[in-house]
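The values are calculated or read from the model by the stated rules, or taken from the named source; none is laboratory data. The structure displayed is predicted, hence computed values, not measured ones. So basically every Cβ, Gly included, is an ideal-geometry build from the backbone, and we count neighbours across all protein chains shown.
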Amino acid sequence: MNMLRRALLSGAAAALMGLGGTAWAAAAFDLAQLTQLLASKRSGEATFVEKREVSVLDRTLMTSGRLSFEAPDTFVRENLKPQRERVAVVGNMVTMSRGDRSRTVALDSVPEASVIIEAIRGTLTGNRESLQKLFETGVSGSAERWSLELVPRDARLRAQVATVRVSGRQAEVREMQVVMPDGDRSTMTIEPVAAKSAGPAAAGSGAAR
Amino acid sequence: MARALVVWLLALLAAAFVTVRSNYVADLSAFLPSAPSAEQAVLLDQLRSGVAARLVLIGIEGGTPAARSAASLEWARTLRKSGLFESINNGDNSQYEALGAFLFEHRYLLSPAVDAQRFSADGLRSAIDETVSLLGSPAGAMIKPVLLRDPTGETVRMAEAMLPARAPRTEGGVWVARNADRAVLLATTRADGSDLDGQQHALEQLRSTFAPYAAQGLKLIVSGAGTFAVASRAQIKHEVERLAIAGSAAIVLLMWLAFGSLRALAIAVLPVGTGVLAGIAVVSLSFGQVHGITLGFGTTLIGEAVDYAIYYLIQAHAPSTASSQRGTGSRRWIARNWPTVRLGLWTSLCGFVALVFSGFPGLAQLGVFSVAGLIAAALTTRYVLPVLAPDGAPGLGLRRQLGAFTGRAAALAPRLRWPLWLLALAALVLLLWLPSPWRGDLASLSPIGADALKLDAQLRSDVGATEAGTLIALSAADEASVLALAEQAGARLDRLVAEGVLEGYDTPVRLLPSPATQATRRAALPDAAELRGRVAQAAVDGPIKAERLAPFIADVQAARSQPTLTRASLQGTPLATAVDAMLVAGRDSKPWRVLLSLQAGERGIDAERLRVALAGVPGAQVVQIGTELGALYSRYLREAMWQAGLGALAVCILLGVYLRSWRRLLGVAQPIAAAVLIVLAALALHGAALGILHLVGFLLVVAIGSNYALFFDQLRHGVGRDSVAGDGSSDSDTLASLALANLTIVISFALLAISSIPALYAIGQVVAPGTLLSLVLSAAFVRGPARGAV
């Protein structure tokens with residue numbers, strides 16, 4: 001919770017600083033450096049806890065599960081609680097499974113879904129091109145502790161998702177917050193699973209550069 | 001004599017009247033059988049009026065992405081208002097509001113998740129959990145406004161079932177191509193695929209309403225079955241006109257050289273014109289429509305019909321003895337040459353009459369056209385020409401030289417007998433050795449170029465409208481049973497989808513479940529009091545308090561008395577069109593039919609596996625369109641071969657009866673058979689894929705070639721020589737007429753051979769060399785009486 005509060009505060013701070021803050025950050029640590037740092041990690045696994053605040057519901061929703069990714073374009077999110085559910089993205093195909101039902105759709109045919117998926121997949125794999133194509137980006141902080149704000153370029157999509165804020169340390173994504181235009185939001189706290197040997201080493205070399 | 005003229009004029013007028021009012025078509029369905037098997041019946045329905053035949057694939061290129069998407073949105077709204085299209089899909093979902101409202105209102109009858117378990121306290125709890133798990137994400141935006149009416153997420157379940165796996169890429173609110181700078185749209189015309197005028201009207205509407213966007217620098221590209229058919233028709237029309245002009249010009253020049261008289265020229269055209277008009281009129285009266293290919297073929301009838309006129313004009317030319325009366329020439333021609341021409345006509349008719357009985361309307365049309373056209377041309381020559389030109393063509397032109405040259409060549413030709421024999425023999429050996437060249441397919445009748453097909457394939461993959469390669473057809477006596485069958489088949493297909501054998505399939509029961517299923521779902525809905533109790537239980541500690549769910553209880557209550565949906569009750573709703581694409585209403589003796597189209601997985605469709613999976617679903621048919629079409633065409637070709645064979649046999653019998661001599665029959669048949677063999681071998685060697693129209697071409701070669709052979713037979717046996725004319729000049733006239741007739745045919749068919757329309761190209765490729773060879777071979781092979789010298 002401590003971390004969450006910090007994340008929320010840093011998010012609020014970033015929002016307050018607005019463009020000025022972004023410009024200042026760009027001078028020190030920019031998207032190119034950040035994505036290069038993130039791209040150095042080719043694959044990873046993590047657990048997550050997601051907290052969602054939705055105005056129509058009488059209480060916040062908590063979800064937990066696992067995340068994994070593998071460059072260049074595979075990303076899997078698996079909910080373990082309260083219900084098992086799996087979303088696997090490979091290239092342009094998204095497969096959603098729940099119980100004995102499973103649906104596969106083309107990601108680019110559902111732009112609303114691609115906003116969320118590209119925000120996290122693009123960040124995890126350090127895909128600068130994809131991020132810049134879909135979002136106005138703003139980076140703040142340093143390699144040690146960075147924050148990336150993503151605002152959809154397409155007005156239609158901004159009506160679905162107001163902002164996505166991702167923050168982390170070095171090559172590891174630690175938190176992702178999605179804010180809807182109506183104020184509903186979800187905050188996902190990410191805890192890397194005891195890293196494979198390549199992880200920290202790669203992150204270290206990225207930082208050294 | 002004058003009576004003949006009056007009859008002819010009246011007949012011509014009537015034929016012209018019918019011709020003008022005829023309905024001209026160009027789709028390939030005329031070349032499909034009229035008495036199909038059950039699988040073929042499904043296929044034919046689909047080709048003629050199925051949704052696939054009504055699809056128009058549209059691309060907008062050029063300009064900026066923003067300009068393209070703005071144009072797509074605005075233009076699609078204009079098109080929807082035009083009333084010519086059942087639907088215009090471009091990724092703009094705002095048009096589905098009415099459909100969405102209808103589906104939402106009937107969600108408890110339509111959602112596949114509704115059953116008794118779902119409305120138990122446990123079922124409700126897990127359904128609500130599942131629904132709220134989507135909230136707080138972009139997917140939740142859709143359900144948030146209706147959450148309290150639909151907490152179990154039936155809307156989501158319906159959407160899931162209807163979401164296509166291969167949806168187009170969406171950008172800027174519209175569909176765009178994945179690998180090109182292009183916005184794409186998918187239109188469905190109201191007009192049937194076989195209604196070419198309707199298709200053309202819709203296409204014109206597309207082009208004219210696009211003009212403002214074209215002015216902005218955007219480019220419209222259009223494809224689809226209807227587009228192809230309309231383009232083919234236009235192309236065939238254009239080519240036929242072009243060929244007719246070029247052919248006429250060439251023939252006019254030839255005639256001018258031959259007769260040196262415009263009047264002779266005008267007369268020479270009469271049998272041809274009469275033949276073509278009569279052919280069109282008779283086809284139109286007996287089939288109700290005239291196919292473009294038949295029409296294209298009509299121009300080729302010039303070949304044989306112009307011969308009649310040439311034979312008459314040259315052969316009836318009265319020798320220049322001042323004493324002879326007017327009309328001597330024509331009387332002499334009728335006595336001496338008409339029997340030969342008549343025999344030639346009979347042999348030609350034998351060849352074509354076989355086609356009349358074909359089970360394929362297109363082929364039967366060709367037969368009827370040729371028979372009617374040839375008879376009309378011959379009758380015109382026999383009865384009208386003697387009135388208009390009692391003594392043949394007056395002028396001489398270069399005919400004397402032509403006659404002399406042909407005479408010398410004909411005298412030399414028999415020396416070539418052995419080399420030509422060897423050539424024919426070599427051709428026979430080659431044909432036995434090479435693989436059969438008879439492997440043309442239905443697509444080879446279509447004039448659509450490779451570029452257009454490539455563009456079509458690109459647009460199809462852009463919009464995710466994969467070519468409907470395989471269909472599953474189900475039929476039953478009434479709507480309720482056929483929908484129940486579709487549900488049965490669907491359950492089995494679901495298993496294949498889960499196993500990854502299939503990617504997906506379209507079925508009408510997602511939009512219109514069978515009455516039995518709807519009744520079961522309705523029966524699963526508890527009454528208000530009962531539901532209130534269960535909701536209270538389910539909501540304990542849940543994300544939505546029970547008292548907020550009153551709208552849900554009210555909606556379920558209303559659904560309990562909703563009437564069962566049927567195709568009739570959908571009339572006027574946005575669902576009707578979508579259902580009609582997959583559910584074909586029965587009429588009279590025709591059963592109700594459901595067509596499930598399949599989306600293949602990566603490995604394609606395994607038809608055997610499908611058949612196994614569907615075993616036990618009564619009457620389920622797996623229809624593979626490509627295979628069926630291939631089978632159809634082979635049957636078509638086989639049937640036509642048989643008919644041609646029978647026709648050839650009839651020709652032989654006829655000639656035998658007339659000539660009353662095995663030796664003469666052999667003499668007449670040899671050059672024709674050899675000509676056919678040599679052309680066939682040359683085409684096979686060249687690697688050509690021969691089809692139905694090549695076969696028709698060979699029939700024409702036999703028909704025309706038999707005339708040549710008969711004339712040579714007549715010449716070399718001195719049949720009908722009279723004492724009025726010196727033998728020499730008369731023979732020279734006959735030879736000149738043969739050479740001239742052959743020249744006109746070779747020229748008009750050589751023009752066809754360079755046409756871009758495969759059907760015409762095929763005929764020209766066979767007939768031009770075939771007739772030339774027939775003449776040369778006749779000169780070489782046909783012998784005089786046994787004692788020898790010619």
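A few points about this structure:
- In the set A:Val164, A:Val178, only one residue is modelled with pLDDT of 90 or more, on the phi < 0 side of the Ramachandran plot and at the interface with chain B (Cβ under 10 Å from one of its Cβ atoms); that residue is A:Val178.
- When the range B:223-260 is filtered for residues that are among the small types (Gly, Ala, Ser), touching a residue at least 40 places away in the same chain (Cβ under 8 Å), on the phi < 0 side of the Ramachandran plot and surrounded by fewer than 19 Cβ atoms within 10 Å (Cβ to Cβ), the ones remaining, listed by number, are B:Ala244, B:Ala246, B:Ala250.
- Any chance B:Ala450 is more than 14 Å from chain A (Cβ to nearest Cβ) and farther than 30 Å from B:Leu57 by Cβ: no
This table checks each residue for (1) acidic (Asp, Glu); (2) under 26 Å from the mean Cα position of the chain (by Cα); (3) away from chain A (no Cβ under 14 Å).
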site: B:Asp555; (1), (2), (3): yes, no, yes
site: B:Ser561; (1), (2), (3): no, no, yes
site: B:Thr573; (1), (2), (3): no, no, yes
site: B:Val584; (1), (2), (3): no, yes, yes
site: B:Ile625; (1), (2), (3): no, yes, yes
site: B:Leu629; (1), (2), (3): no, yes, yes
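- Residue list for the range A:131-147, restricted to those being touching an Asp or Glu at 6+ places or on another chain (Cβ under 6 Å) and either modelled with pLDDT under 90 or aliphatic (A, V, I, L, M) (or both): A:Leu134, A:Val139
- B:Thr209 passes every criterion in (1) crowded, with 20+ Cβ neighbours inside 10 Å; (2) of a type in the set (Ser, Thr, Tyr); (3) within 38 Å of the chain's Cα centre (by Cα) apart from (1).
- Residue match in the range B:192-209 (condition: assigned to a helix (DSSP H, G or I), more than 10 Å from every other protein chain (Cβ to nearest Cβ), polar (S, T, N, Q) and out of contact with any helix residue (DSSP H, G or I) (no Cβ under 8 Å at 6 or more places or on another chain)): yes
- Taking the criterion of being of a type in the set (Gly, Ala, Ser) and over 30 Å from B:Leu148 (Cα atoms), the residues of the range B:543-602 that qualify are B:Ala568, B:Ala581, B:Ala585, B:Gly586, B:Ser589, B:Ser597, B:Ala600, B:Gly601.
- Filter pass, A:Arg156 being among the charged types (D, E, K, R) and within 14 Å of chain B (Cβ to nearest Cβ): yes
- Residue in the range B:43-52 that is crowded, with 18+ Cβ neighbours inside 10 Å, without any contact (Cβ under 8 Å) to a residue 24 or more places away in the chain, assigned to a helix (DSSP H, G or I) and of a type outside the set (Ser, Thr, Tyr) present: yes
- Residue match in the range B:491-503 (condition: away from every other protein chain (no Cβ under 14 Å), surrounded by fewer than 18 Cβ atoms within 10 Å (Cβ to Cβ) and at positive phi): no
- A Cβ distance below 6 Å, combined with a sequence gap of six or more or placement on separate chains, defines the contacts here; from the range B:537-561, residues that are under 21 Å from B:Ala101 (Cβ atoms) reach residues that are charged (D, E, K, R) and assigned to a loop (DSSP other than H, G, I, E, B) in the pairs B:Pro551/B:Arg149; B:Phe552/B:Arg149; B:Asp555/B:Arg149.
- Condition check for B:Arg178: among the charged types (D, E, K, R), within 11 Å of chain A (Cβ to nearest Cβ) and assigned to a loop (DSSP other than H, G, I, E, B): yes
- Criterion (of a type outside the set (Val, Ile, Thr) and modelled with pLDDT of 75 or more) met by exactly one of B:Ala736, B:Ala786: B:Ala736
- Residues of the range B:133-173 that are more than 9 Å from chain A (Cβ to nearest Cβ), surrounded by fewer than 23 Cβ atoms within 10 Å (Cβ to Cβ) and among the β-branched types (Val, Ile, Thr): B:Ile143, B:Val146, B:Thr155, B:Val156.
- Residue, nearest to the other protein chains (Cβ to nearest Cβ), within the range B:104-117, restricted to residues that are of a type outside the set (Ser, Thr, Tyr) and within 17 Å of B:Ala554 (Cα to Cα): B:Val114
- Qualifying residue in the range B:403-412 (condition: modelled with pLDDT of 75 or more, surrounded by 19 or more Cβ atoms within 10 Å (Cβ to Cβ), hydroxyl-bearing (Ser, Thr, Tyr) and within 21 Å of B:Gln315 (Cβ to Cβ)): yes
- Checking the stated criteria, B:Arg609 turns out not to satisfy the condition of being among the basic types (Lys, Arg) and under 20 Å from B:Leu512 (Cβ atoms).
- Of everything in the range B:132-156 that is at pLDDT 90 or above and charged (D, E, K, R), the residue that is farthest from A:Thr104 (Cα to Cα) is B:Arg149.
- Verdict on A:Leu150 being touching a helix residue (DSSP H, G or I) at 6+ places or on another chain (Cβ under 9 Å), of a type in the set (A, V, I, L, M), outside any loop (DSSP other than H, G, I, E, B) and at pLDDT 90 or above: yes
- The range B:353-367 - residue that is among the hydrophobic types (A, V, I, L, M, F, W, C) and within 21 Å of the chain's Cα centre (by Cα) and, of those, farthest from B:Leu655 (Cα to Cα): B:Phe360
Per-residue answers, yes or no, for (1) small (Gly, Ala, Ser); (2) within 32 Å of the chain's Cα centre (by Cα); (3) within 20 Å of B:Ala578 (Cα to Cα):
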site	(1), (2), (3)
B:Arg460	no, yes, yes
B:Glu487	no, no, yes
B:Leu511	no, no, yes
B:Pro515	no, no, yes
B:Arg521	no, no, no
B:Leu525	no, no, no
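- Residue ID - surrounded by the fewest Cβ atoms within 10 Å (Cβ to Cβ), chosen from residues in the range A:57-69 that are farther than 13 Å from A:Thr187 by Cβ and at pLDDT below 90: A:Asp58
- Highlighted here are the helices (runs of 4 or more DSSP H) found entirely within the range B:545-625 that include at least 2 residues which are farther than 17 Å from B:Gly50 by Cα: B:550-559, B:567-570, B:607-614.
- Candidates B:Ala377, B:Ala354: the one that is modelled with pLDDT of 85 or more, in a helix (DSSP H, G or I) and not β-branched (Val, Ile, Thr) is B:Ala377.
- Condition check for B:Leu186: within 14 Å of chain A (Cβ to nearest Cβ) and under 30 Å from A:Asp182 (Cα atoms): no
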